[in-house]
Amino acid sequence: MSTAPTVLPLNTGSSIPLIGLGTSPLTDEEVAPAVVAAVEAGYRHIDTAARYGNERGVGEGVRRSGIPREQLFITTKLDGVFQGDDRAIGGLDESLERLGLDYVDLLLIHWPLPQRGQYVSTWHTFEKLFAAGKARAIGLSNFKPDHVATLVREAEVLPAVNQVQLSPYTPRLAERRANDLHGIVTESWSPIGAGNDLLSAPAIVAIAERIGKTPAQVVLRWHVQQSLVAIPKSANPKRIAQNIAVFDFELTAADLSSIAALDKGPAAGVDSDVSGH
Ligand code: A2P
């Protein structure tokens, strides 16, 4: 089983591990042992958010794992209540206090909330946090192509990452093109479908049976083979280990096209022009 995840370069000069542990909706109590299991399985990337209410548990898991802080890549996300007027400074400080850390590796604007019109101003605060070293990289989450275009026009520091809901059912082709145009890494949340029927889709099951991998591994390989960072969530140590063991096999071009046929179209995904917090 692979314990050496591959990584993708970021526009900051650092890099991000292609597989990270997703932590929503785990509680503090649930997430700490999941983080320990993940580190034992070879994960070096953990994804949380102020809104998940589990940053204390993530920090506890990191400490219990015994791994040196600098070997980990930890992401958190700023909740909408901290957008605008430099409120992100206090928002990140609160997250760092809960995590027990003095910096995060990646800080994301959790949702664009375009109706509020504060994401550009929030980005300028993120640029200050980046300059101060409290966020080693800064990025976006749930930004649609027109949100990215608006932000990039005003930005001094380009976003490193845009984390969006992305799976074979919702492959977000337009978002990926827009991100690629600006050198922004695309990261997939709910990469294995968040418990919907993706893992029992006949196209996925057929590939899994043929190559002797699980459906989750086939879908996660689909992400990493296309340079999409994926953050599968599990609290189950066996599944946590399974989900990172995706670097010792490859999908064929025919596999990729049979998975591409699962696309349900943009309307099947969450719409961040109307949703978010
Ligand atoms: P559990 O936490 O019980 O393992 P996503 O990351 O796309 O949001 O999906 C998370 C869901 O997928 C959770 O319900 C999680 O359940 C389940 N899951 C995670 N890993 C696997 C796996 N390897 N096989 C099957 N289901 C999985």
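The values are calculated or read from the model by the stated rules, or taken from the named source; none is laboratory data. In this text, all values refer to a predicted model and were calculated from it rather than measured experimentally. Every residue, glycine as well, gets a Cβ built from its backbone with ideal geometry; the counts of neighbours run over all protein chains shown.
Taking the options 81, 31, 62, 39, name whichever one is within 16 Å of the ligand (Cβ to nearest atom), touching a helix residue (DSSP H, G or I) at 6+ places or on another chain (Cβ under 8 Å) and not in a loop (DSSP other than H, G, I, E, B).
Just a single option satisfies the conditions, and that option is 31.
Among the residues of region 42-59, write down those that are assigned to a loop (DSSP other than H, G, I, E, B) and either hydroxyl-bearing (Ser, Thr, Tyr) or without any contact (Cβ under 8 Å) to a residue 40 or more places away in the chain (or both).
43, 44, 48, 53, 54
Please determine, by comparing only the residues of region 203-230 that are of a type in the set (Lys, Arg) and assigned to a helix (DSSP H, G or I), which one is farthest from residue 256 (Cα to Cα). I'd like the intermediate steps shown before the answer.
Of all residues in region 203-230, those of a type in the set (Lys, Arg) come to 210, 213, 221.
Still in the running and assigned to a helix (DSSP H, G or I): 210, 221.
Values: 210: 14, 221: 10 Å.
Per the criteria, the residue is 210.
Provide a single number: the residues in region 120-158 that are outside any helix (DSSP H, G or I), farther than 17 Å from residue 80 by Cβ and free of Cβ contacts under 8 Å to residues at least 60 places away in the same chain.
Number of matching residues: 7.
Looking at the structure I just gave you, is residue 166 in contact with a Pro (Cβ under 7 Å, 6 or more places away or on another chain), without any contact (Cβ under 8 Å) to a residue 40 or more places away in the chain and closer than 26 Å to residue 23 by Cα?
Values: in contact with a Pro (Cβ under 7 Å, 6 or more places away or on another chain): yes; without any contact (Cβ under 8 Å) to a residue 40 or more places away in the chain: no; closer than 26 Å to residue 23 by Cα: yes.
So residue 166 fails the test.
From 88, 4, grab the single residue that is away from the ligand (no atom under 16 Å from the Cβ), within 24 Å of residue 186 (Cβ to Cβ) and modelled with pLDDT under 95.
Values: 88 fails: modelled with pLDDT under 95.
From the options 88, 4, the qualifying one is 4.
Report whether or not residue 184 is within 16 Å of the ligand (Cβ to nearest atom), surrounded by 15 or more Cβ atoms within 10 Å (Cβ to Cβ) and under 14 Å from the mean Cα position of the chain (by Cα). Explain how you work it out, then say what you get.
Values: within 16 Å of the ligand (Cβ to nearest atom): no; surrounded by 15 or more Cβ atoms within 10 Å (Cβ to Cβ): yes; under 14 Å from the mean Cα position of the chain (by Cα): yes.
No: the conditions fail for residue 184.
In region 162-172, is there at least one residue being in a helix (DSSP H, G or I), within 16 Å of the ligand (Cβ to nearest atom) and over 23 Å from residue 117 (Cβ atoms)?
no
Sort out which residues of region 46-59 are crowded, with 24+ Cβ neighbours inside 10 Å and out of contact with any helix residue (DSSP H, G or I) (no Cβ under 8 Å at 6 or more places or on another chain), and write them in order of number.
Listed by number, the list holds a single entry, 47.
Just one of (1) of a type in the set (Asp, Glu); (2) within 27 Å of residue 152 (Cβ to Cβ); (3) free of Cβ contacts under 8 Å to residues at least 60 places away in the same chain trips up residue 105, so point out which.
(3)
Within the set of pairs 6 or more residues apart or between chains, which connect a residue that is free of Cβ contacts under 8 Å to residues at least 60 places away in the same chain and of a type in the set (Phe, Trp, Tyr) inside region 248-268 to a residue that is surrounded by 12 or more Cβ atoms within 10 Å (Cβ to Cβ) and in a loop (DSSP other than H, G, I, E, B) with Cβ atoms less than 7 Å apart?
249/213
Taking region 258-274 only, how many residues are part of a loop (DSSP other than H, G, I, E, B) and of a type in the set (A, V, I, L, M, F, W, C)?
Within region 258-274, residues that are part of a loop (DSSP other than H, G, I, E, B) and of a type in the set (A, V, I, L, M, F, W, C) number 4.
Return the total of residues in region 190-210 being near the ligand (Cβ under 7 Å from one of its atoms) and touching a Leu at 6+ places or on another chain (Cβ under 7 Å).
Summing the residues that are near the ligand (Cβ under 7 Å from one of its atoms) and touching a Leu at 6+ places or on another chain (Cβ under 7 Å) in region 190-210 gives 3.
I'd like the full set of residues that are crowded, with 18+ Cβ neighbours inside 10 Å and either part of a helix (DSSP H, G or I) or at positive phi (or both), limited to region 97-119.
Passing the criteria: 98, 99, 113, 119.
Which of the residues spanning region 231-255 are surrounded by 15 or more Cβ atoms within 10 Å (Cβ to Cβ) and either more than 16 Å from the ligand (Cβ to nearest atom) or in a strand (DSSP E or B) (or both)? Spell out how you get there, then give the answer.
Going residue by residue through region 231-255, those that are surrounded by 15 or more Cβ atoms within 10 Å (Cβ to Cβ) are 231-235, 237, 239-247, 251, 255.
Answer for region 231-255, where residues must be surrounded by 15 or more Cβ atoms within 10 Å (Cβ to Cβ) and either more than 16 Å from the ligand (Cβ to nearest atom) or in a strand (DSSP E or B) (or both): 233, 251, 255.
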